[in-house]
Amino acid sequence: MNKPLLAALKGVRQPVPPIWLMRQAGRYLPEYRALRAEKGGFLALATDPVAAAEVTVQPIRRFGFDGAILFSDILMVPWALGQDLTFGPGEGPRLMPPLVDHAVDALVRTPARLDPVYATVARVAAALPPTTTFLGFAGSPWTVATYMVAGQGSKDQSETRAFAYRDPAAFGAIIDAIVATTIDYLARQIEAGVEAVQLFDSWAGSLSPAQFERWVIAPNAAIVAGLRARCPGACIIGFPKGIGGKLPAYARETGVDAIGLDETVDPAWADAVLPEGMPVQGNLDPLALFAGGAALDDGIDRVLAAFPDRPHVFNLGHGIGQHTPIAHVEQLLARVRGA
């Protein structure tokens, strides 16, 4: 079966780079906004397999992307570990109790909370076009832990960074719990029908080198090894945002199949320093997509020119902004595909 995106992730360079966009199933689409309003909130939407499957397929139906990304959230794992998860109107997610004051072992594990995700995967897998690759995902342990410790997102993750220095044993227990749950979570996504998975480490860039080795590289390597033991041949993309010069070490030491580049990375530099033949994904600035016009065309051309021989999946350097005009996404697709 011809799946250009999956082939690229497995190391086969495609004549036209396959394309999908992080957060492509989301708020910039009017059909998504209508369905979310009908369901009454994010968590209700994400835990309804019929609705979540519809959201996952919406951008494929509209744009014909080469990959569909499961509609869910990285905080499903702490929810399954026993924290309460809420999404208030106009604010970010909240997790209770924050683990800066509570031990992870005191939480009551509730793995059944993830069952709707697997049901969503099965529905989407049966509905996608035969050439579309189905991507699952999870948050990487460091990023997930920053929310679990603080109870919410933060600009510099200072509370979690301080906690990791102050009590590395307690923090390590949190990381270990996330690793074990994430291996099972991703394996069950694969067993239900996804064809590749992405590990999102949105806050990986906030750590010092030694802490990065301990709390980013080691846990991600453990997930990759554990997932491959359970699902031989699993295809894994690592997306460590903001790590700059630590990117080659991440690529070598975690064992991921492909590496996602954020928008701050010079793609020509990445092509020069990453392992030969390793597939890359990225890395158009989401704000160039928002701007459109000549700025968008120039950004696209720079990314395309950076990888003359390497397998490449075209994507953004982070998630698509909610106010991005649909016409600009259409311009992007036409440019990348040479239409």
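The values are calculated or read from the model by the stated rules, or taken from the named source; none is laboratory data. Source: prediction; values computed, not measured. Note: ideal-geometry Cβ built from the backbone for every residue, glycine included; neighbour counts use all protein chains shown. Quick note on the areas: whole protein, heavy atoms, side chains included, nothing else; ligands and nucleic acids left out. Shrake-Rupley method; radii C 1.70, N 1.55, O 1.52, S 1.80 Å.
Does at least one position in the stretch 303-313 carry a residue that is open to solvent by 50 Å² or more (accessible area, probe 1.4 Å) and among the small types (Gly, Ala, Ser)?
yes
Identify, please: which residue in the stretch 17-30 is open to solvent by 20 Å² or more (accessible area, probe 1.4 Å) and under 22 Å from the mean Cα position of the chain (by Cα) and is, among those, nearest to Asp262 (Cα to Cα)?
In this case the residue turns out to be Arg23.
Just checking, how many residues over the stretch 59-93 are over 16 Å from the mean Cα position of the chain (by Cα), polar (S, T, N, Q) and in a loop (DSSP other than H, G, I, E, B)?
So the count comes out to 1.
Tally up the residues in the stretch 303-339 that are of a type in the set (Lys, Arg) and over 19 Å from Pro279 (Cβ atoms), please.
1
If Ala103 meets every condition in (1) loosely packed, with under 15 Cβ neighbours inside 10 Å; (2) under 30 Å from Leu5 (Cα atoms); (3) hydrophobic (A, V, I, L, M, F, W, C) apart from one, which number is that one?
(2)
Need a quick list: helices (runs of 4 or more DSSP H) entirely within the stretch 101-220 having at least 1 residues that are out of contact with any Cys (no Cβ under 9 Å at 6 or more places or on another chain), basic (Lys, Arg) and free of Cβ contacts under 8 Å to residues at least 12 places away in the same chain.
Result: 158-166.
Quick one: in the stretch 80-100, which of the residues that are open to solvent by less than 60 Å² (accessible area, probe 1.4 Å) and small (Gly, Ala, Ser) is nearest to Arg166 (Cα to Cα)?
Among those residues, the one meeting the criterion is Gly82.
Out of Val216, Val194, I need the residue that is in contact with an Asp or Glu (Cβ under 7 Å, 6 or more places away or on another chain) and open to solvent by less than 30 Å² (accessible area, probe 1.4 Å). Which one?
Val216
If you take the residues in the stretch 106-144 that are hydroxyl-bearing (Ser, Thr, Tyr) and over 20 Å from the mean Cα position of the chain (by Cα), which one is surrounded by the fewest Cβ atoms within 10 Å (Cβ to Cβ)?
Thr110
Is it the case that the stretch 291-312 has a residue that's under 29 Å from Ser154 (Cβ atoms) and touching a residue at least 60 places away in the same chain (Cβ under 8 Å)?
no
What are the residue pairs meeting all of these: first residue in the stretch 1-23, first residue over 17 Å from Gln198 (Cβ atoms), second residue open to solvent by 30 Å² or more (accessible area, probe 1.4 Å) and of a type in the set (Lys, Arg), Cβ atoms under 8 Å, and 6 or more apart or on different chains?
Val16/Arg337
Return only the number of the condition from (1) within 20 Å of Val256 (Cβ to Cβ); (2) within 16 Å of the chain's Cα centre (by Cα) that Gln14 does not satisfy.
(2)
Can you confirm whether the stretch 314-325 contains a residue that is more than 21 Å from Lys241 (Cα to Cα), surrounded by fewer than 19 Cβ atoms within 10 Å (Cβ to Cβ) and over 16 Å from the mean Cα position of the chain (by Cα)?
yes
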